[in-house]
Amino acid sequence: MAQQSNDVYAALALSRFGLGADHNGTASIAFDPRGALLEEITERYVPVPVGPQLQSTADLLVSLYAFQEERKQARQQAAVAVAAAPQDKQMQGPPPQKPTVQPSGATSPSSQAMAAQPNNQAMAAAIGKAVEKLEKPAMPYLPQQILLAEVDARFNGTIRQPLIGFGERLAMFWANHFAVAVSKSEEVHIVAGAFEREAIRPHVFGRFADMLFAVETHPAMLAYLDNQQSIGPNSKANANKKRGLNENLARETLELHTLGVNGGYTQTDVTTLARIITGWTVARNEGKLGTPGTFVFNAGAHEPGDQTLLGLTYADNGVGQGREALRDLARHPATAQHIATKLVRHFVADTPPPGLVQTVAATFSKTDGDLSAVYRALVGSEDAWNPTLSKVRSPLEFMTALLRASGETPKPNVILGALTAMGQPFWAPAGPNGFADTADVWASSEGLSMRMDVANMIANAVPPQIDPRSFVSDSLGPLLSNETLQAVSRAETRKQGLTIAYLSPEFQRR
Amino acid sequence: MTCELMTPTRRAVLGASGALFAWAFIPRFAHAAGGRDPRFIPIILRGALDGLTAVPPVGDPDYQALRQAIAMTTSGPEAALPLDSFFALHPSMPNFNRLYRAGQAAVVHASATPYRDRSHFDGQDVLESGYEMPGRVESGWLNRMLEGLPKGDKVSPGASEIRGLSVGANAPLVIRGKAPVLGWSPSTLQPVSDDLPPRLMDLYDHTDPLFAKILTEGISTGKIAAGLDVKAKGGPGDPTGMEQMARGAARLLAQDDGPRVAALAFEGWDTHAGEVDRLNKLLVGLDNSFAAFQQELGPAWKDTAILVATEFGRTAQVNGTQGTDHGTGTAAFLAGGAIKGGRVIADWPGLKQAQLRDGRDLAATTDLRAVVKGIAVDLLGASPTLLARDVFPGSDHVLPMKGLIA
């Protein structure tokens, strides 16, 4: 393949490996785009989500336990009160609203806050639902409050930095690879963000084995895939022989997290791994097992005895038995193949070029899962820089690119509503396999319809003086087609021009 | 900025009584010419209105041949309404016709800004910024005019100087600037404009088969509007939305201590294809907004001037898709009790090939700035010096048009 010019590399680095251009456009890295990308790997640049409500998993779970207790008591009191003296519901409307005065002139960004609106019925319904959910309970619903704070920290924080944002893209990739869903339970709802902050981000540029262990021992994953209730059939905790194994986490560890569905394991291996990780659970409030809200190894629930998984025998040495099994799964050739395929599919093409997959998988194996080395192999290959934009941005990537490019910082419930409407509710995939990563899933007429509304919403929100013609040429650089430039230039209004820019193939693809 | 959800309260604003608004902090607009308490309302039609369809020169011997299938006539099922022996009015505008008969509406035909190219953005910049060249997007002429007008009521010194009202999701450039303005938007949701899907289809057809396919699917299944039909769904690009914006603005302007000027922008006038149907519907929205202003302004209507202007006109000839492309000269509308109406003001250039600009556009013979200046001087008491220096810089040679105000 012919060498591309630096301008093309800059545009590809931003769209294919990054989060999309920000207001500086592709020029910000045009001097040495591939060098800039490698630097983000060398610097291991993963931005840290920050905010006063972004606490540790343990603290969040302790707060949740307190919240649950408080709610229980409130319900009991309410029941008592209702039984004693039924009262009329008090009608209370929201305070009347006045038109906004724009003391600094109509060009100030805040002056238009009143005017930005979700832009059609479906969109409004989706957003409305999210809001309704928030407003329903008498007391603020703590798990959703925390989720909103986590979303705010990302969309108004980490996605804005650094120039390319490769680390953030990787955080999104790994959080989807090790998906949890907030719809599972209140525990997952409240710690999904902490899970990403604690188990994913610190290891994005580290070793796969470390990320794997951090994930499988995190309270979010233990709750999401039911391992906290799994009991060794022959353990002390099962003296009455009434309880037993839950294979969920073990199965998904093999099928989704490591070897892959055709990775050569059997049902026996699933059951064996389930036995190996019995006792991996979360300390509850009473603190008998350890600090409330943290991962603990409950020896009493652990299945005693040596276990043989995929031909290797693991002595029963408590939590070490599982740690060693995961370490071997992490370095298994099938895992290298599985991860390499997913990475190449995610960054390069829906049908991953086999040669590139082999290169990446070989690096994974050779370096024992050193992820920085794996990414270097990926971005160092010319195959990864084909200027044809074949991938369709997922709704999450589309939203991210829109916000980066526009500089807009919508409220987190608006972002959540938009993502839900576009078909990718945040941290809420339908199953543990996460969201799909191919165009056929995202390129649907429903999806496009909602993207049109979201693009229109953002175009309505940006400062009206932004010229869509300079916007497309700055943010798409050499990827901009003449047809798109023409369609944008011929738009009736600046707002419509921006909407067309956001919906152009070059912006929706990467 | 942040994207905020509209609350039910805001939805209720229009339905609520004027008492909801505390206008006490806004001063009376003093020093108006002729002892009036005037109202001035520019309305921008974004997309370039075809003046030859809105106000057809049915008496011009070359009009029918030029416009062929989309030519208007004063007879037949969709007859245009005769304004005088030469000009007629599009049949979708009965309210304007009524005002015209009452001497409260006029047309300025073959008019244009100084802009002579064909880009909407640049044309709108020139129309709204008041500069002769595009690219000066910091402030609009209406805002600079507000800044320069005599200060508020001497009875309440130090009171707020807010006199302007910006209507819609985005403040039109014409009213943006240093002078503080009030923002108000009707509660209607902001829909995707009707002509977005056809524009995207055109783009995808040429560049992306996958997106072309899903857009086609969306349109054929009704998930995405086909764009050929202007539906009543609110927003500045459909008739209902226009009327709502006008009604809401009028209620605020009608307040004794409310703002005295308001800027509105209606969208969707870029009629490259299927022009007849689009204008049939859009002009209803514009026409109903005249009625809404008259109704809601009540006694203030007699001191009101509305100016409807667009960035440029359209080609004289019809294109291959029953529409017209970007042109130059077009029609502007004046309406309100303060207007000396009942006439079409035009130095008609003619429609023969040699009379068209570049052989394709209605030539512009009246500078829109003269119209604005005329209203500013005679209705608002603005000084011609201020207008030539700050409001329309470099326009000394463009004299205020006399006799527009009754």
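The values are calculated or read from the model by the stated rules, or taken from the named source; none is laboratory data. Because the structure is a prediction, the values reported are computed rather than measured. Don't worry about glycine lacking a Cβ; one is built from the backbone with ideal geometry, like all the others, and counts go over all protein chains shown.
Quick notes
- Put simply, of A:Ala377, A:Ala325 the only residue that is at pLDDT 95 or above, surrounded by 15 or more Cβ atoms within 10 Å (Cβ to Cβ), of a type in the set (A, V, I, L, M) and over 18 Å from A:Ala214 (Cβ atoms) is A:Ala377.
- Boolean, B:Asp195 is out of contact with any Leu (no Cβ under 7 Å at 6 or more places or on another chain), among the charged types (D, E, K, R) and closer than 30 Å to B:Thr328 by Cβ: yes
- Looking only at the stretch A:474-504, and only at residues there that are touching a residue at least 60 places away in the same chain (Cβ under 8 Å) and surrounded by fewer than 21 Cβ atoms within 10 Å (Cβ to Cβ), the one that is farthest from B:Ile44 (Cα to Cα): A:Pro478
- Every residue from the stretch A:5-31 that is over 15 Å from A:Leu476 (Cβ atoms) and either of a type in the set (Gly, Ala, Ser) or at pLDDT below 95 (or both): A:Asn6, A:Phe31
- Residue within the stretch B:264-273 that is away from chain A (no Cβ under 12 Å) and closer than 28 Å to B:Leu146 by Cβ present: yes
- If you filter the stretch A:404-429 down to residues that are in contact (Cβ under 8 Å) with a residue 40 or more places away in the chain, aliphatic (A, V, I, L, M) and under 22 Å from A:Glu196 (Cβ atoms), you find that the one that is farthest from the other protein chains (Cβ to nearest Cβ) is A:Ala428.
- Against the test of being touching a Phe, Trp or Tyr at 6+ places or on another chain (Cβ under 8 Å) and within 7 Å of chain B (Cβ to nearest Cβ), the options A:Ala455, A:Ala459, A:Ala443 yield a single qualifying residue, A:Ala443.
- With respect to (1) out of contact with any Phe, Trp or Tyr (no Cβ under 8 Å at 6 or more places or on another chain); (2) farther than 30 Å from A:Val392 by Cβ, the lone exception for A:Thr363 is condition (2).
- Each residue in the stretch A:238-294 was checked for being in a loop (DSSP other than H, G, I, E, B) and touching a Lys or Arg at 6+ places or on another chain (Cβ under 8 Å), and 2 of them qualify.
- Where B:Thr304 falls short, out of the listed (1) more than 20 Å from B:Thr113 (Cα to Cα); (2) within 14 Å of chain A (Cβ to nearest Cβ); (3) among the β-branched types (Val, Ile, Thr): (2)
- Checking A:Ser449, A:Ser481 one by one, the residue that is hydroxyl-bearing (Ser, Thr, Tyr) and in contact with a Gly (Cβ under 8 Å, 6 or more places away or on another chain) is A:Ser449 and no other.
- Residue within the stretch B:346-369 that is crowded, with 21+ Cβ neighbours inside 10 Å and part of a helix (DSSP H, G or I) present: yes
- Check on A:Ala459, touching a residue at least 12 places away in the same chain (Cβ under 8 Å) and within 30 Å of A:Tyr9 (Cβ to Cβ): yes
- Note on the stretch A:422-445: residues that are touching a Lys or Arg at 6+ places or on another chain (Cβ under 6 Å) and outside any loop (DSSP other than H, G, I, E, B) total 1.
- Filter result for the condition that a residue is buried (at least 18 other Cβ atoms within 10 Å of the Cβ), more than 19 Å from A:Ala199 (Cβ to Cβ) and more than 26 Å from the chain's Cα centre (by Cα), over A:Leu273, A:Leu310, A:Leu356: A:Leu310
- For B:Ile219, the conditions (1) in contact with a Gly (Cβ under 9 Å, 6 or more places away or on another chain); (2) within 9 Å of chain A (Cβ to nearest Cβ); (3) not in a helix (DSSP H, G or I) all hold with the exception of (3).
- The stretch B:95-131, residues that are small (Gly, Ala, Ser) and either touching a strand residue (DSSP E or B) at 6+ places or on another chain (Cβ under 9 Å) or within 19 Å of B:Leu142 (Cβ to Cβ) (or both): B:Gly103, B:Ala105, B:Ala106, B:Ala110, B:Ser111, B:Ala112, B:Ser119, B:Gly123, B:Ser129, B:Gly130
- Matching entry among A:Glu255, A:Glu303 (being acidic (Asp, Glu), crowded, with 17+ Cβ neighbours inside 10 Å and touching a residue at least 12 places away in the same chain (Cβ under 8 Å)): A:Glu303
- The stretch A:176-187 - residue that is surrounded by fewer than 22 Cβ atoms within 10 Å (Cβ to Cβ) and of a type outside the set (S, T, N, Q) and, of those, farthest from the chain's Cα centre (by Cα): A:Glu186
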